[in-house]
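The next block holds one structure in the form of structure tokens; read it before the comments.
The values are calculated or read from the model by the stated rules, or taken from the named source; none is laboratory data. Because the structure is predicted, anything quoted here is derived from the model rather than measured. Counting neighbours? That spans all protein chains shown, and the Cβs are built from the backbone with ideal geometry, glycine included. Accessible surface areas use protein heavy atoms only, side chains included; no ligands, DNA or RNA. Shrake-Rupley method; radii C 1.70, N 1.55, O 1.52, S 1.80 Å.
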Amino acid sequence: MHWLQQLTNGLALGSIYALIALGYTMVYGVLRFINFAHSDVLMLGAFSAFYLAPKMEAIFGPQSAIGALVIIVLAAAICAAIGILIELLAYRPLRKRPKLTVLITAIGVSLFIEFTCQHGAVFGAATKPFPKLLPTRELHFAGIEMASNDLLVLVLTAVLLVAMWFIVQRTKMGMAIRAVSFNEQAASLMGVNVNRVISFTFGLGSALAAVAGIFYAMRAPGIEPLMGVQPGIRAFIAAVLGGIGNLPGAALGGLLLGVLETVAGGIPGVSNYRDGIAFAILILILIFRPAGLLGKAMIEKV
Amino acid sequence: MLELTDLTVGYGGITALHGISLKVEQGTIVTLIGANGAGKTTTLRAISGLVWAKGGRVTFEGEDITNQPPHKIVARGIAHSPEGRMVFANLTVHENLQMGAYLRSDKANFAKDLDFIFTIFPRLKERLQQTAGTLSGGEQQMLAIGRALMSKPKLLLLDEPSLGIAPLLTKTIFEQIVAINRDLKLTVLLIEQNANLALEISHYGYVLETGRIILQDAAAALRANPKVREAYLGG
Ligand SMILES: Nc1ncnc2c1ncn2[C@@H]1O[C@H](COP(=O)(O)OP(=O)(O)OP(=O)(O)O)[C@@H](O)[C@H]1O
Ligand SMILES: [Mg+2]
């Protein structure tokens, strides 16, 4: 396959990883732990869309752009609420406990969601075909073939990344998030309600995960309760690769990993080792740049 | 304006404050002196809600504010420039000052107050777009005080503003504290290793020893007190 083709495919996949990685990295920024349940929020986003799709089709007609947009926005809102609830119920009571306690709780929350959803009374363990939210076309441009959905994912992700940058760098809430990330106590001395900032961060990260989950499902053969695990791990690697806690780093790490996976997948005999290669690269980078690609070792003057 | 009554604070097993009582009258500069580990920082942290008071009461303008969360206490008009400065190293100087004004809704006055901060600490103006982590220790201290002032507080809590700062700069900072107190009628509760300097600019002082207040008097009287001279003023 043409290398340019590989690159665009990789970027489409990578931008999804980037969206997920942002959630990991933002939560790490404010709470200093990895929210393992993040990958399950992604799955819940895809399932929200799955159940919303027929209802929206009834209102807006099949595969309408407005219907797809409404589905995405509603799924994001549902997942934002779920993310906020997870923090409130599972993590907040442990705020003052050692991080290991919280980390293990996060794994527990993740397993709880996965196995609950696998139950027949909830979603069931079987793979379900994901509804076609939009009409698909093959686009040809400069010798590259691209599914219209992939292009859409790429464009929407770029828009979301810019929006995220704007929120974090240019709004008051974003400034509060950065302040809390640096020093929670100092932020509270400025009048920041730290709990509210943490809730907002979970909500925002989870909404992005929902969008990513839907995009991922659009490319996948189907959806099932464990579907978040693989992209979740990749996005986690991406976040660490880029420098955990660093937003542009998460985006960069996601894109890199997506390209890498696509390229490796195209080489015969290598494709089976994709995850191994991803981890090997992560380890190599962490040896030479322990803070990740864009992470800075914070120097604190005393 | 501020009154602590029989305040007790502990960390885990150890008691840092054994029921201290003190008063800060409106418009005054009050200083709290004491050796390392006496509990000075703990006192300020209890006032601003960063640590939990086990017993006793903190009242501000006649209202009980004991154990309220920090963001609610700031909203009442108490600003705390903490030990170790704690400026947001990842934010620019300008953003740090904006954080100081976080709870204020009067956007119109922001520029005016910023200008006021620049008149007392001109250095900050030159560094406005720089990230705070790249400032020198003294500049960070100015920023910490400026940031606290941006909330337009009624009471300013200052924890060791001279720590790690050249004597000349310390002098500037102390002159500014006096000016702020005089011109803005801002009440100040000051903690300072350099007891001499602190008592010089204060109206009233308390001496803290291992979590208990052992002496209190007008600042001038404390400076003349032989016991204080021997223990805290270098004889
Ligand atoms: N987070 C903490 N955990 C446990 N003990 C603490 C903690 N903070 C302070 N202490 C203890 O409480 C006592 C009072 O500490 P505090 O920081 O208030 O002293 P200080 O008077 O400000 O001293 P310094 O002049 O060195 O700043 C000390 O014995 C100290 O060891
Ligand atoms: Mg101290």
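The residues of the range A:13-59 that are in contact with a Lys or Arg (Cβ under 8 Å, 6 or more places away or on another chain) and more than 20 Å from A:F202 (Cα to Cα), listed by number, are A:L13, A:F50.
Yes/no matrix, rows are residues, columns are (1) modelled with pLDDT under 85; (2) within 29 Å of A:F50 (Cα to Cα); (3) within 14 Å of chain B (Cβ to nearest Cβ):
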position	(1), (2), (3)
A:G232	no, yes, no
A:G242	no, no, no
A:A250	no, yes, no
A:I277	yes, no, no
A:I281	yes, no, no
A:L293	no, no, no
A:A297	yes, no, yes
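Note on the range A:69-103: residues that are under 27 Å from A:I223 (Cα atoms), over 19 Å from the mean Cα position of the chain (by Cα) and open to solvent by less than 30 Å² (accessible area, probe 1.4 Å) amount to 1.
Can you confirm whether the range B:60-80 contains a residue that is open to solvent by 10 Å² or more (accessible area, probe 1.4 Å), more than 13 Å from chain A (Cβ to nearest Cβ), within 16 Å of ligand 2 (Cβ to nearest atom) and at pLDDT 95 or above? Checking the range B:60-80: not a single residue is open to solvent by 10 Å² or more (accessible area, probe 1.4 Å), more than 13 Å from chain A (Cβ to nearest Cβ), within 16 Å of ligand 2 (Cβ to nearest atom) and at pLDDT 95 or above. Would you call B:A108 within 18 Å of the chain's Cα centre (by Cα) and at negative phi? Taking the combined requirement at face value, the residue does not satisfy it. Restricting A:L156, A:L152, A:L134 to residues that are part of a helix (DSSP H, G or I) and either touching a residue at least 24 places away in the same chain (Cβ under 8 Å) or within 11 Å of another protein chain (Cβ to nearest Cβ) (or both) narrows the list to A:L156. Checked across the range A:174-194, the condition of being under 25 Å from B:P82 (Cα atoms) and of a type in the set (K, R) holds for at least one residue.
Mind listing whichever residues of the range B:28-48 are under 14 Å from the mean Cα position of the chain (by Cα) and either more than 16 Å from ligand 2 (Cβ to nearest atom) or hydrophobic (A, V, I, L, M, F, W, C) (or both)? If the condition is that a residue be under 14 Å from the mean Cα position of the chain (by Cα) and either more than 16 Å from ligand 2 (Cβ to nearest atom) or hydrophobic (A, V, I, L, M, F, W, C) (or both), then B:T28, B:I29, B:V30, B:L32, B:I33, B:L44, B:A46, B:I47 are the ones that fit. Evaluated against (1) out of contact with any Ser or Thr (no Cβ under 7 Å at 6 or more places or on another chain); (2) within 16 Å of ligand 1 (Cβ to nearest atom); (3) over 20 Å from A:N193 (Cβ atoms), B:P82 falls short on exactly one condition, (3). Which one is nearest to A:G253 (Cα to Cα), of the residues in the range A:161-190 that are open to solvent by less than 50 Å² (accessible area, probe 1.4 Å) and more than 14 Å from chain B (Cβ to nearest Cβ)? It comes out as A:L161. For the range A:115-150, a residue qualifies if it is open to solvent by less than 80 Å² (accessible area, probe 1.4 Å) and farther than 23 Å from A:L13 by Cα, and the qualifying residues are A:T116, A:C117, A:Q118, A:G120, A:V122, A:F123, A:G124, A:A125, A:A126. I need the full set of residues from the range B:97-149 which are touching a residue at least 40 places away in the same chain (Cβ under 8 Å) and of a type in the set (D, E, K, R), in order please. Of everything in the range B:97-149, those that are touching a residue at least 40 places away in the same chain (Cβ under 8 Å) and of a type in the set (D, E, K, R) turn out to be B:R104, B:R147. Screening B:N90 with (1) in a helix (DSSP H, G or I); (2) among the polar types (S, T, N, Q); (3) away from ligand 1 (no atom under 16 Å from the Cβ); (4) at pLDDT 90 or above gives one miss only, at (1).
Among residues that are farther than 17 Å from A:F36 by Cβ, assigned to a helix (DSSP H, G or I) and not aliphatic (A, V, I, L, M), A:G67 is included.
Among the residues making up the range A:55-94, those that are farther than 23 Å from A:K132 by Cα and free of Cβ contacts under 8 Å to residues at least 60 places away in the same chain are A:L85, A:L89, A:A90, A:P93, A:L94.
Find the residue count for the range A:37-62, including only residues that are of a type outside the set (A, V, I, L, M, F, W, C), open to solvent by less than 30 Å² (accessible area, probe 1.4 Å) and not in a helix (DSSP H, G or I). Steps first, please.
Here is the first cut: in the range A:37-62, the residues of a type outside the set (A, V, I, L, M, F, W, C) are A:38-40, A:45, A:48, A:51, A:54-55, A:57, A:61-62.
Filter once more, so that each one left must be open to solvent by less than 30 Å² (accessible area, probe 1.4 Å): A:38-40, A:45, A:48, A:61.
Subsequent filtering for residues that are not in a helix (DSSP H, G or I) retains A:61.
Of the residues in that region, 1 qualify.
Only residues that are of a type outside the set (D, E, K, R), within 16 Å of ligand 2 (Cβ to nearest atom), open to solvent by less than 30 Å² (accessible area, probe 1.4 Å) and more than 14 Å from every other protein chain (Cβ to nearest Cβ) were counted in the range B:143-194, giving 5.
When the range B:112-137 is filtered for residues that are closer than 20 Å to B:I180 by Cα and either open to solvent by 60 Å² or more (accessible area, probe 1.4 Å) or outside any helix (DSSP H, G or I) (or both), the ones remaining, listed by number, are B:K112, B:D115, B:F116, B:T119, B:F121, B:P122, B:R123, B:K125. Taking the range B:30-54 as the range and being away from chain A (no Cβ under 13 Å), open to solvent by less than 20 Å² (accessible area, probe 1.4 Å), away from ligand 1 (no atom under 12 Å from the Cβ) and not hydroxyl-bearing (S, T, Y) as the test, the residues that pass are B:V30, B:A53.
Taking A:Y28, is it of a type in the set (F, W, Y), under 14 Å from A:A250 (Cα atoms), assigned to a helix (DSSP H, G or I) and open to solvent by less than 10 Å² (accessible area, probe 1.4 Å)?
Values: of a type in the set (F, W, Y): yes; under 14 Å from A:A250 (Cα atoms): yes; assigned to a helix (DSSP H, G or I): yes; open to solvent by less than 10 Å² (accessible area, probe 1.4 Å): no.
Judged against the criteria, A:Y28 is not a match.
Scanning the range A:191-205 for residues being within 11 Å of another protein chain (Cβ to nearest Cβ) and open to solvent by less than 10 Å² (accessible area, probe 1.4 Å) gives a total of 3. Of all residues in the range B:155-169, those that are touching a residue at least 12 places away in the same chain (Cβ under 8 Å) and under 30 Å from B:A75 (Cβ atoms) have Cβ atoms under 8 Å from Cβ atoms of residues that are away from ligand 1 (no atom under 12 Å from the Cβ) and assigned to a loop (DSSP other than H, G, I, E, B), 6 or more apart or on another chain, in B:L155/B:M1; B:L155/B:G77; B:L155/B:L186; B:L156/B:L186; B:L157/B:S48.
Does A:T101 qualify as being in a helix (DSSP H, G or I), modelled with pLDDT of 90 or more and more than 26 Å from A:I16 (Cα to Cα)?
It is true that A:T101 is in a helix (DSSP H, G or I), modelled with pLDDT of 90 or more and more than 26 Å from A:I16 (Cα to Cα).
Residues in the range B:81-96 that are over 18 Å from the mean Cα position of the chain (by Cα) and within 11 Å of chain A (Cβ to nearest Cβ): B:A89, B:N90, B:L91, B:T92, B:H94, B:E95.
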